[in-house]
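**Student:** Can you read through this structure? Questions will come right after.
The values are calculated or read from the model by the stated rules, or taken from the named source; none is laboratory data. These numbers come from a predicted model, not from an experiment. Because the Cβ atoms are built from the backbone with ideal geometry, glycine has one as well, and the counts that use them run over all protein chains shown. Remember, those area values only see protein heavy atoms, side chains included, never the ligands or the DNA or RNA. Shrake-Rupley method; radii C 1.70, N 1.55, O 1.52, S 1.80 Å.
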Amino acid sequence: MNEQLQIQNLDAEQVFTALHSDPRGLSPAEASERLNELGPNSVEIRDPWRLARSLLRQFSNFFTLLLFASAVICFVAERLQPGESMAILGWALAGVALLNALFSFIQEYRAEKAMAALRQFLPPQVEVMRAGQNITLLAEELVPGDLLLLKEGDRVSADARIVITEGLLVNNAPLTGEAQPVALSAKLFPGRMVESDNIAFAGCLVLRGTAQAVVFATGLRTEFGKLAHLSQAIRRAPSPLELQTAHMVRVLTIIAVSLGFSFFLYGVFSGRSLWVNLVFMMGIIVANVPEGLLPTFTLALAMGSLRMARKNVLVTSLNAVEGLGAVQVICTDKTGTLTLNQLAISRLTAPLETTDNTDPEFRKRLLQLAFCASEIRLTDQRLSGDPLDVAIADGLRCEGLDIAAENLIAEQHFPFDVEKKRAAGISRLDGERIFAVKGAWEVLRPLLSGVCGPSGKRNAATAAEFDRAEAVMSELAGSGLRVVAVAYRLLEENPASDVALEQLEQGLMLAGFLAIEDPLREEVPAAITSCQSAGIEVILITGDHPDTAQSVARRCGISAEQGQVMTGAVLEELSEAALSEALTGGVRIFARTSPAQKMKIVMALKKLGKVVAMTGDGVNDAPALKAADIGIAMGKSGTDVARASAQIVLLDDNFASIVAGVEEGRTVFNNIRKFTNYVLVSNGPEILPYLLYVLLPVPLALTVIQILSIDLGTDIIPSMALGQEPPEPETMLQPPRERKFHLLSRNLVLHSYLFLGLLEALWSLGLFFYVLVDGGWQYGVELATNDPLYRSATGIALATILLMQIGNLVGRRYRLHSGLDWGIFRNRLLLAGIMIQIFFSWGLLYLSPLQKVLGTAPVSWQIYMFAWLGMPLIFGADYLRKKLFLR
């Protein structure tokens, strides 16, 4: 409504009238009526079907659908010809699809529960006045017109117009992204609401003072809520891994179905029975589809998310594990991510010096004078008050002064005045009664009559010396530091009467300057260097001043000495094409940006084909977090809206954790490629027997059950072991892969099917036909499936594939080296996988229970030893390829 839009332009009486409220607050009946009409004060849009949709989504990928379709075909085949164990095969395929879907769903559900534990941003209870009585109620029960009572430490729960205030200071960083405290007043403000100093916005923290404020917007109608709703309305694009997995699944599915259906038709036209053709089609599909690959994918991502959690990186979506490794650009906020989000004094300078003064006496005196003009409360050995005042108190402690013991608390304090831009106080220092002032240089300069030298000597100053002091201040400010001037004067011991503040402020002596900054996190410069070594661009996007942004970017290594800075005002006027050109031209620092502009930058980068990660902690960051390929929210300082919009939450708010997550993400993708390559190799010896069976009058070398014993049995543990391999030494020295890079690349297919897969197929089929011929079989003669000779031949073919997969497994550990140089015993799961394959290759030939299940029979130990020769054969051939081609 119009009153809401112009609420900052009204005086206090008009505010009550416009909102149909009263200085005594709403009546309980009126508040209840408004709550029923407008709904609860909540920014969350509850979706009762979200979990159900998440579960259904797990069943919608090609692999899962193909496995269910294959299971249905098996059940149909069982009806056509009972007793052939096709129903068991059908249940096995359906079980794999179901378990994988449930596993993925459980991982997402657990991540959501972890997120719910972090949702502590909006306060559960607030204090209001209703019908003249102060009462406490749930924040969700606030309605427009309520008279909200604010005090230090409160988190504002709704947008409210200040009507009475006493020294109110708030932190609007969750909404604006700027860490500067803002002093609020009750006076009308003629400008825009977002710039007004008489509005307490939802989500912001009260640092100091008290106030009464009339609520005029709740829930999604607050500025906080509007941004939250905007982020909820943005649809996130599929992650790089989702796109690549979908591509791989489509390709394998099309190959499997096309081959299966083609040879089914060939069998029909060649006069084979329907049963034989159905079994053959199922064999081709099962052989082409690596059934165990999808569960292994999910396991690798889940294990990656657990390893990330140990590095303070909470993953809320499994695909984000790998997505972080694909990132090409990181757009980072400044406050709390690159910096500690706490003010600290970086320099103490004399009026005419720019360098940090190291004289202990000068430092103590300047800090004591500044502290006289500060208002600090000491409770349980903790300091509370304005962040600047706390920083000054911490500085005194660092200089070895005990605030309580030294009796430094001012006897009279003059709070910070928004219009005068200064605070003052009266205290005793070195036996003298003094009046001290701290504030902006431009407001203190007209009040000065002299300057103090480093030794404390007071001298009258010339205009030239004041100009020199101003140059010192400008130089400090140009370095991105916040500069506070400190001045003082001596007072009489026993004044005849109270003296007005205006009189006290005359004839001040400039004592020096405090240079304040939000310090960089210690780990950040090294983390930025790691990103640059890994080919990842880092862009700083902040709501702070351009000089501050440039200083931080320079100190942490994002830009060179004079990096280009683009302000929000300039950005607002740029078209998307012009912004893309600026980004391509090297602009890496954006200052004074709005939430919409952050999203504009993200979208421009995505249009350039970049995989973009965006960090943020405030509700103002939520839309950009949602628009980015990977949204990264802060766990400690972040709002629940930002965390809900992100796929990754940094539990320690540290940029260095992002770099650790990138390395883990790259490792996960490399490991996925390793076990995808490993699994697809066994497809070669699984497919070729079916092609020979349909084209030539020869027995089928592998049955469907035997294929599944590889895909869903012996290959699972080794694949999981490859998914746990540590990062390779050059992981963070390589550029990020391109967005269009395919997991199922041409080289991987050729290597899997036409090199190692063909080698496995030829060696296993060679031993299969050797056993047949040695046992008296002749070309063209059919063998019954229960014939001992046929069972021995299929047994040695299966055992050979299992043993050769061990050589393949070791070779997949490292792209450039043999795989043995990493040590087998470093990965215990790998060792377990090898032992399982060895035992299984022996047991299927010589253990009666396995023989019965898999339809195999024993062979002589000499032939079994020939199967073992396949292991060094495939390992040696692959190592030779690495030496000849990759090096």
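**Student:** Rounded to the nearest 0.05, what FRET efficiency do Phe866 and Arg377 have when you use their Cβ-Cβ distance and R0 = 56 Å? The partial results should precede the final answer.
**Tutor:** On the way: r = 84 Å, r/R0 = 1.51.
Efficiency, rounded to the nearest 0.05: 0.10.
**Student:** Rounded to the nearest 10 Å², what accessible area does Lys151 have for a 1.4 Å probe in the complete protein model?
**Tutor:** Spelled out: Lys151, probe radius 1.4 Å, area about 100 Å².
**Student:** Quick one: the Cα spread of the chain along its three principal axes, in angstroms, biggest first?
**Tutor:** Projected onto the principal axes, the Cα atoms of the chain cover 127, 65, 52 Å.
**Student:** Computed FRET efficiency, Cβ-Cβ of Phe825 and Leu274, R0 60 Å: what is it to the nearest 0.05? Please list the in-between numbers first.
**Tutor:** Details: r = 52 Å, r/R0 = 0.87.
The computed FRET efficiency comes out at 0.70.
**Student:** Follow-up. What's the extension gain from Met835 to Gln133 if we count 0.36 nm per residue and subtract their Cα-Cα distance? Don't jump to the answer; show the numbers that get you there.
**Tutor:** On the way: separation 702, 0.36 × 702 = 252.72 nm, distance 7.56 nm.
Answer, rounded to one decimal: 245.2 nm.
**Student:** Tell me which GluC sites (Glu not before Pro) from the stretch 533-585 have a DSSP coil assignment and no more than 13 other beta carbons within 10 Å of their own. Could you put the intermediate results ahead of the total?
**Tutor:** Working: sites: Glu537, Glu561, Glu572, Glu573, Glu576, Glu581; in loops: Glu561.
Answer in residue order: Glu561.
**Student:** Fully extended, how many nm does the chain gain between Leu56 and Ile705 (0.36 nm per residue separation, minus their Cα-Cα distance)? Please report the intermediate quantities before stating the final value.
**Tutor:** On the way: separation 649, 0.36 × 649 = 233.64 nm, distance 2.91 nm.
Fully extending the segment from Leu56 to Ile705 adds 230.7 nm.
**Student:** What nm value, rounded to one decimal, do you get for the distance between Leu306 and Leu750 when each label is placed 7 Å out toward the C-beta?
**Tutor:** Going by the 7 Å Cα→Cβ label model, 3.8 nm.
**Student:** Further, regarding this structure: With label points built 7 Å along Cα→Cβ from the Cα atoms of Gln125 and Leu873, find their separation and express it in nm.
**Tutor:** The answer from the label model is 7.7 nm.
**Student:** So how much accessible area does Glu738 have, in Å² to the nearest 10, using a 1.4 Å probe?
**Tutor:** Counting only protein heavy atoms, the figure is 120 Å².
**Student:** Using alpha carbon coordinates only, what is the Rg to Rh ratio of the stretch 627-699, with Rh defined as the Kirkwood radius? It would help to have the intermediate numbers written out before the result.
**Tutor:** Details: Rg = 22.8 Å, Rh = 16.1 Å.
Here Rg/Rh amounts to 1.42.
**Student:** Would you mind finding the longest exposed-site-free stretch of the chain, with exposed chymotrypsin sites (Phe, Trp or Tyr not before Pro) meaning DSSP loop and at most 15 other Cβ atoms within 10 Å? Walk me through the intermediate numbers first.
**Tutor:** Working: sites that count: Trp49, Phe741, Tyr779.
No qualifying site falls inside 50-740, the longest such stretch.
**Student:** Turning to a different aspect of this structure: Please work out the ratio of the alpha-carbon Rg of the stretch 692-838 to 2.2 N^0.38 Å and round it to two decimals. Don't jump to the answer; show the numbers that get you there.
**Tutor:** Values: Rg = 18.7 Å, N = 147, 2.2 N^0.38 = 14.7 Å.
My calculation over the Cα atoms of the stretch 692-838 gives 1.28.
**Student:** Let me ask something additional. Where both residues lie in the chain, what percent of DSSP beta bridges are antiparallel, nearest 5?
**Tutor:** Values: 69 of 91 bridges.
Here the share of antiparallel DSSP bridges comes out near 75 percent.
**Student:** Round to a whole angstrom and tell me the spacing of the C-alpha centers of the stretch 322-348 and the stretch 800-879.
**Tutor:** The stretch 322-348 and the stretch 800-879 have Cα centres spaced 48 Å from each other.
**Student:** Any chance you could tell me what percent of the C-alpha pair distances in the stretch 310-391 go past 22 Å?
**Tutor:** Working: 1824 of 3321 pairs.
For the stretch 310-391, the fraction of Cα-Cα distances above 22 Å is 55 percent.
**Student:** Oh, and also: So, in Å, what gap is there between the alpha-carbon centers of the stretch 447-493 and the stretch 677-755?
**Tutor:** 74 Å
**Student:** Which value, in Å², gives the accessible area per residue of the chain when a 1.4 Å probe is used on the protein heavy atoms?
**Tutor:** Numbers: 37240 Å² over 887 residues.
About 42 Å² of surface per residue is accessible.
**Student:** Helix-derived [θ] at 222 nm for the chain: sum -39500 (n - 2.57) over DSSP H runs of at least 4, divide by residue count, nearest 500? Could the numbers behind the result be given before it?
**Tutor:** Numbers: 34 runs with 423 residues, N = 887.
Estimated from H runs of four or more residues: -15000 deg cm²/dmol.
**Student:** Could you grab the relative contact order for the chain? Cα pairs under 8 Å, six or more apart, rounded to a whole percent. Don't skip to the answer; put the middle values down first.
**Tutor:** Working: 1708 pairs, mean separation 107.2, N = 887.
Over the chain, the number comes to 12 percent.
**Student:** Also: So what's the convex hull volume per residue for the Cα atoms of the stretch 500-593, in Å³? Walk me through the numbers before you get to the answer.
**Tutor:** Values: hull volume 14.5 nm³, N = 94.
Per-residue hull volume (Cα only) is 154 Å³.
**Student:** If each residue of separation counts as 0.36 nm, what is the full-extension length gain between Trp49 and Ile164 once their alpha-carbon separation is subtracted?
**Tutor:** Details: separation 115, 0.36 × 115 = 41.40 nm, distance 4.46 nm.
Extra length from Trp49 to Ile164 when fully extended: 36.9 nm.
**Student:** Which shape class applies to the stretch 467-530: rounded if a/c is under 1.5, otherwise prolate when a/b exceeds b/c and oblate if not, where a ≥ b ≥ c are the square roots of the Cα gyration tensor eigenvalues?
**Tutor:** On the way: a/c = 4.99, a/b = 2.68, b/c = 1.86.
Taking the square roots of the gyration eigenvalues as a ≥ b ≥ c, the stretch 467-530 is prolate.
**Student:** Using a Förster radius of 56 Å, what is the FRET efficiency between Glu522 and Glu13 based on their Cβ-Cβ separation? Nearest 0.05, please. Let's see the in-between values first.
**Tutor:** On the way: r = 53 Å, r/R0 = 0.94.
Using R0 = 56 Å, I get an efficiency of 0.60.
**Student:** Ignoring any ligand, DNA or RNA, what whole percent of the accessible area of the chain comes from carbon and sulfur when the probe is 1.4 angstrom?
**Tutor:** Numbers: 21860 of 37240 Å².
Roughly 59 percent of what the probe reaches on the chain is carbon or sulfur.
**Student:** Each label point is 7 Å from the Cα along the Cα-to-Cβ direction; what then is the distance between the points at Leu691 and Arg445, in nm?
**Tutor:** Taking the two extended label points, one gets 8.4 nm.
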